[in-house]
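A short write-up of the structure that comes next.
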C-alpha cells in the first residue's frame, strides 16, 4: 500500500484537520503547563545556591529550547516549500515565525529577570545571550521580509531562502558556549550524561517544555488556519466555511 | 564562460568609474562615521586605542551595507538582469562576478583607507597590517552575504531599511571575529586564529552565497 504523502498538503483537506489538532494540542498545552508550573513552584525544592530565584528556569529553559527548535521547524517547512513547491509549507513557515519570536523574547526577558539576582546584572554581552538576540532579529527579519512582499508566493519563497540562510546561525548558538565560554554556564541537561539537577526540577522543566511544545503546535495551526482562509478566500470551501461560521 | 564573467566584471567597474561619486560617497561615509566616534566618546587616547578595531569594523559594516542596494538595482531597472537570468552562463557564476566587482568598488577602498583611520585612533603601527588584513578577508564576506539580501529585497518598498534588518544579523559573526583579530593582536595573543576563521568564512560564503543569491534573484524577478 502506498501512502499519499501529499494528502494533507492542500489547504482544503488540511483546514479541518488543523482545526481539530489545534484544539487538542491547545488542551494538552493547558494541562502540561499547569502541571509543569505546579511542579516548578510547589514540588521542586529550593536551590541551595540560588534560592527561590532559580524557579524562573522552568519558563526560561523551555522557552529558549523552543525558540531555537521553532526556527529549525520553520526552516524545514520553508525548505520543503522550496523543494516541492507546496503552498501549505510556506503558510506553515509564516505561521510559526511569530510563535518563535515570542519564545525568543520570553527567553531573553526571563533570562534577564534571572540574571539580576544571580549574576547581579540585567544583561551581559555573553555569547549565548548575544546569539539569542540575533535569533530574535532573524525572526523579525523573516517577518518583515514577508510583510514587505505583496505577492504571497514570492513572500513564501523569499522567506524560505532567508530562513535557510539563517539556519547557519543555529549551530553558532549551540557551539558558542564552547567556543567563547564566558559567563553563561554550560548546558545543565544533555542527552549523553545524567542531568546535573534534582530529579523533580528536571521533571518540571521537561513537563513545561512539552507544554510549550503543544502550545506552539496549537498556536501555529490556528495561525495557519487564518492564513489559509485569507489566501484561499476565493475558493469554494473557504466561502462555504465563512458562510457556515457567520 | 570565463570571458562572460570577465565581461560582467569589466562592465560593472566601467560603470562605477563613470559614476565615481557613488564610490566616493561610500568611502566618505566610512571616514565620517569613524571620525564621529572620538567626537562622541571623547579624545582619550588609551580609550580610542582599545575601541579602534571595533569602530573601524562597525563603520565598514555600515558602509558596505549602504552600497548593497546598488548591487542589482540598476541592472534590474534597465533589464540587464533578465538577460543574465536567461543567459547561458550559470547564474551563480554571474552573481559571483558581480559580487567581486561590487567588492572591488565598495570594499577594497575601505580596506585601503582603514590604516589611516586607525592611526587617528592612535592604534599601534605594527598592528595596522592585521587590521587591514582582517578587513580584506572580512569585507568580501559582507558583500557575499549582502548579495543574498540585496537579491531578496530587489524592487520592494522600503528596500534599504528592510535590507539592513535582513543582513545585519547575518553580519554579526563576521564582525565579532573580524574586530577580534586586531584586538587579539593588540593584547599580544596574535590574531592568527581569527584571521584563519575569517578565511574559512570567506571560502564558505564564496562557495555558497552566490548560489543562494541566484535562487533569490530568480524568485524576485519571476
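Give me A:60, B:76 sorted ascending by neighbouring Cβ count inside 10 Å, so fewest comes first.
Details: A:60 23, B:76 18.
Ordered from fewest to most neighbouring Cβ atoms within 10 Å, A:60, B:76 come out as B:76, A:60.
Order of A:226, A:33 from fewest to most other C-beta atoms within 10 Å? Could you put the intermediate results ahead of the total?
Working: A:226 11, A:33 20.
With the fewest neighbours first, A:226, A:33 line up as A:226, A:33.
By how many degrees, between 0 and 90 and to the nearest 10, does the Cα long axis of helix B:2-18 differ from the longest principal axis of chain B?
That helix lies at roughly 60 degrees to the long axis.
Please list, in order, the residues from the stretch A:212-241 whose amide nitrogen is less than 16 Å from a point placed 7 Å along the Cα→Cβ vector of residue A:21.
Output list for this probe position: A:213-229.
Counting just the Cα atoms, what span does the stretch B:111-222 cover along each of its three principal axes? Round to the nearest Å and put the largest first.
On the principal axes, the stretch B:111-222 reaches 52, 27, 21 Å in Cα extent.
What does the helix-only formula give at 222 nm for the protein assembly as shown: each DSSP H stretch with n ≥ 4 adding -39500 (n - 2.57), the total divided by the residues, and the result rounded to the nearest 500 deg cm²/dmol?
On the way: 18 runs with 368 residues, N = 468.
Counting only the DSSP helices, I get -27000 deg cm²/dmol.
To the nearest 10 degrees, how steeply does helix B:128-152 sit against the main Cα axis of chain B, on a 0 to 90 scale?
Once rounded, one gets 30 degrees.
Which Rg and Dmax, in Å, describe the Cα atoms of the protein assembly as shown?
Rg then Dmax for the protein assembly as shown, in Å: 25.0, 77.
What nm value, rounded to one decimal, do you get for the distance between residue B:35 and residue A:240 when each label is placed 7 Å out toward the C-beta?
Inter-label distance under the simple model: 7.1 nm.
If you line up the Cα atoms of the stretch B:119-164 on their principal axes, what length do they span on each, largest first, in Å?
Projected onto the principal axes, the Cα atoms of the stretch B:119-164 cover 45, 19, 9 Å.
Only Cα pairs under 8 Å and at least 6 apart count here; give the relative contact order of chain B as a rounded whole percent.
On the way: 258 pairs, mean separation 59.1, N = 222.
Here the relative contact order equals 27 percent.
Determine the relative contact order of the stretch A:15-221: mean sequence separation of Cα pairs under 8 Å and six or more apart, normalised by residue count, in whole percent. Can you show the working numbers first?
Numbers: 261 pairs, mean separation 82.9, N = 207.
Relative contact order for the stretch A:15-221 comes out at 40 percent.
Shielding of B:153-162 by partners, i.e. mean partner chain Cβ atoms within 10 Å per residue? Could you put the intermediate results ahead of the total?
On the way: counts 6, 1, 1, 6, 3, 3, 1, 0, 2, 6.
Mean inter-chain Cβ contacts per residue within 10 Å come to 3.
How far is helix A:11-38 tilted off the main Cα axis of chain A, in degrees rounded to 10, range 0 to 90?
20
From the Cα trace of the stretch B:2-221, what convex hull volume per residue do you get, rounded to a whole Å³?
Values: hull volume 25.3 nm³, N = 220.
Per residue, the Cα convex hull of the stretch B:2-221 comes to 115 Å³.
So for B:70, A:153, fewest C-beta neighbours within 10 Å to most, what's the order? Write down the numbers at each step before the final one.
On the way: B:70 18, A:153 15.
In increasing order of surrounding Cβ atoms, one gets A:153, B:70.
Using the Kirkwood radius over C-alpha pairs as Rh, can you work out the diffusion coefficient of the stretch A:1-114 via Stokes-Einstein at 10 °C, viscosity 1.306 mPa s, in µm² per second? Show your work: numbers first, answer last.
On the way: Rh = 16.6 Å.
Estimated via Stokes-Einstein, D reaches 95 µm²/s.
According to the Cα gyration tensor, what semi-axes, each the square root of 5 times an eigenvalue, does the equivalent ellipsoid of chain A have, listed from largest to smallest in whole Å?
Numbers: eigenvalues 256, 95, 47 Å².
So the three semi-axes of chain A are 36, 22, 15 Å.
Ranked from highest to lowest mean number of other Cβ atoms within 10 Å per residue, what is the order of the peptides A:70-82, B:20-32? Don't skip to the answer; put the middle values down first.
Working: A:70-82: 21.8, B:20-32: 14.8.
Highest to lowest by the protection proxy: A:70-82, B:20-32.
If the stretch B:1-105 were replaced by its equivalent ellipsoid, with semi-axes equal to the square roots of 5 times the Cα gyration tensor eigenvalues, what would those be, largest first, whole Å? Let's see the in-between values first.
Details: eigenvalues 263, 35, 23 Å².
The answer is 36, 13, 11 Å, longest axis first.
Any read-out appearing in this document is the output of simple, stated calculations on the displayed coordinates, not a laboratory observation. These figures come from a predicted structure and were not determined experimentally. Heads up, the Cβs are rebuilt from the backbone with ideal geometry, glycines too, and the neighbour counts pull from every protein chain shown.
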